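**Q** One structure, as structure tokens, below. Some questions next.
Please treat every number below as a calculation from the coordinates, not as lab data. None of these values were measured; they are calculated from a predicted model. When we count neighbours, we look across all protein chains shown, and the Cβ atoms used for this are built from the backbone with ideal geometry, even at glycine.
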Amino acid sequence: MRKLFPLFCAVLFSAAIHANEVAVAPDVAPDGLAPLGETWLEANPYRGQPAAVSVGRAAYNQACARCHGADAATNAAPAPDLRQINRYCRRIDDAELNAACMRDNDAWFAKSVRYGKVIVGVTHMPPWQGVLKQELAWAIQTFIEAQASRGRE
Ligand code: HEC
């Protein structure tokens, strides 16, 4: 029985995520954010903007929190703690290298969000392309970064 316990937990864990794998657009207006059009950018145009942090918080809590945790403030949610995603860049002091790292990070964030995480036919995260406007996606990333920097100053 004890040997079966981890298996039992794994089944429960994946059921909890997979039961809700459909992407539903958040009902949040991109107030105060420059419009970006349909073609996805590769880098976050809103980094550090307070309007993006507040729009991003609302959109994150509607669209992402059920898997990644409320307010991007926990590492105990079923899906990865998104505050960790640019941690490699944060350790780089050199300004040029840091900027290059952030560019890579932004492109990877956009790719993850647009195409989701579908691995050998199993949807771990649904694709958000066509559901989530890019204004909201970049605002969400800006909010996550604000959460990541809290407590480090
Ligand atoms: C149905 C659950 C679910 C929802 C809703 C969801 N995600 Fe995910 N997300 C996941 C899972 C599970 C993974 C890990 C997939 C893997 O690594 O195979 C993931 C991975 C990611 C990654 C890559 C992180 C990493 O460390 O690999 C990013 C970025 C991401 N999600 C952003 C978002 C954003 C932004 C939203 C809201 C717009 C969102 N997710 C909504 C389940 C979800």
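**Q** Just grab the label-to-label distance for residue 27 and residue 122, each label 7 Å out from Cα along the Cβ direction, in nm (one decimal).
**A** With each label placed 7 Å out from Cα toward Cβ, I get 3.4 nm.
**Q** Right, something else. Given a Förster radius of 25 Å and the C-beta distance between residue 74 and residue 98 as r, what FRET efficiency does 1/(1 + (r/R0)^6) yield to the nearest 0.05?
**A** Approximately 0.40, to the nearest 0.05.
**Q** Now a separate question. Amide H of residue 117: which non-local residues (sequence gap of 5 or more, or other chain) have their own amide H closer than 5 Å, using H built in the peptide plane?
**A** Here 124, 125 satisfy the definition.
**Q** Over 14 Å, how big is the tail of the calculated P(r) for the stretch 39-88, in percent of all Cα pairs?
**A** Roughly 60 percent, rounded to a whole number.
**Q** I need to check one value: relative contact order of the stretch 47-153, counting alpha carbon pairs closer than 8 Å and at least 6 residues apart, in percent.
**A** Relative contact order of the stretch 47-153: 37 percent.
**Q** Could you please tell me the mean projected area of the C-alpha convex hull for the stretch 47-153, averaged over all directions and given in square nanometres to one decimal?
**A** About 7.2 nm², averaged over all directions.
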